[in-house]
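For reference, the structure discussed in these notes is given below.
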Amino acid sequence: MSDNKFEPSEAAAPGRYRITITEKGPYLVYGRPPLTIERIRLGPRDAGPGFETGAHFEMRTDPTALCRCGASHRKPYCDGTHASTAWDPTLTAPLQPTTAGREVVEGATLTLEDHPRRCTQARFCQAEGDVRSLVGRSSDPDARQRAIHEAGLCPGGRLTARDRQSGEAFEIRYDPSLGLIEAPAAGVSGGLWLRGGIPFGREDGRAYATRNRVVLCRCGRSADKPFCDGTHATVKWHDGLDDATAAPERTAAPAAGAKR
Ligand code: FES
């Protein structure tokens, strides 16, 4: 199991970081936050589930435009292809979180909040046993710890484990940063992971709710834009940026600016 630190953490990131989601084009990233490949590791058990950090990508301009349509030839950067490719850029998700569909699972010492709408198909919730089952058995310290770990790793914040007595949420403390999610075991690439409370909003100034863990769509196919809804896994989207995730027939050269 990793040595991630779990602490209450919903504070907003320092003001220099923010993301504007353009109506028909890219993400405009301000403040040059770190941008890295983040690989989902579901095992082996000796290493435990977690993320492995890969290549770092430079933010050479401020703002830097990152691809939102999934079709850029310079991923992760925007190259203007969104203007000539077939995709629907419509931002359909509400600005503020909704409790619609939320489920609460009460265990012996933990409460699990489940927002299925935030699922990004990362699959940590099964990595060391089914998270709901672990919550149910949370009087066992090992089961409790595994449940906290699995819920905390969920990149889009679908799952949150809380201490049942105090109500305190267990969150991994992230520095403000961006991740390009890769899932080598599934051979697919995922969304743009916002960590550490980076604010994001629309061109007209309306802001989405800031959270410690958010995943935005990079493949252009989500039905809940700007958020990733896991469709990348269904359509087997692959960005060609990470050798570990490479689908051989679709491997592409590294994007300009990538440090290996
Ligand atoms: S990146 Fe996950 S649905 Fe587009």
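Data overview
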| read-out | value |
| --- | --- |
| Coordinate range along principal axes, alpha carbons of the stretch 160-218, Å, largest first | 39, 39, 17 |
| For the chain, calculated [θ]222 nm from helices alone, where every DSSP H run of n ≥ 4 adds -39500 (n - 2.57) | -2500 deg cm²/dmol |
| Cα centroid separation, the stretch 140-175 to the stretch 188-203 (Å) | 20 |
| Farthest toward positive dipole pole in the chain [+1 Lys/Arg, -1 Asp/Glu at C-beta], among 120, 70, 138 | 70 |
| Residue 60 versus residue 139: modelled label distance in nm, points set 7 Å from Cα along the beta carbon direction | 6.1 |
| Dipole magnitude of the chain, debye to nearest 20 (Cβ charges: Lys/Arg +1, Asp/Glu -1, about Cα centre) | 480 |
| For the stretch 103-172, convex hull of alpha carbons as volume per residue, Å³ | 70 |
| Average projected area [Cα convex hull, the chain], square nanometres | 13.4 |
| Solvent-accessible ranking of 163, 175, 114, largest area first, probe 1.4 Å | 175, 163, 114 |
| The stretch 117-130 - phi-based ³J(HN,Hα) in whole Hz, Karplus 6.51/-1.76/1.60, Gly and Pro as x | 4, 8, 5, 10, 6, 6, 6, 5, 5, 10, 5, 10, x, 4 |
| Net charge of Cβ neighbours under 9 Å - reference residue 37; Lys, Arg +1; Asp, Glu -1 | -3 |
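The values are calculated or read from the model by the stated rules, or taken from the named source; none is laboratory data. From a predicted model like this one, the values you see are computed outputs, not experimental measurements. Note: ideal-geometry Cβ built from the backbone for every residue, glycine included; neighbour counts use all protein chains shown. Areas reflect the complete protein model, heavy atoms only, side chains present, ligands, DNA and RNA absent. Shrake-Rupley method; radii C 1.70, N 1.55, O 1.52, S 1.80 Å.
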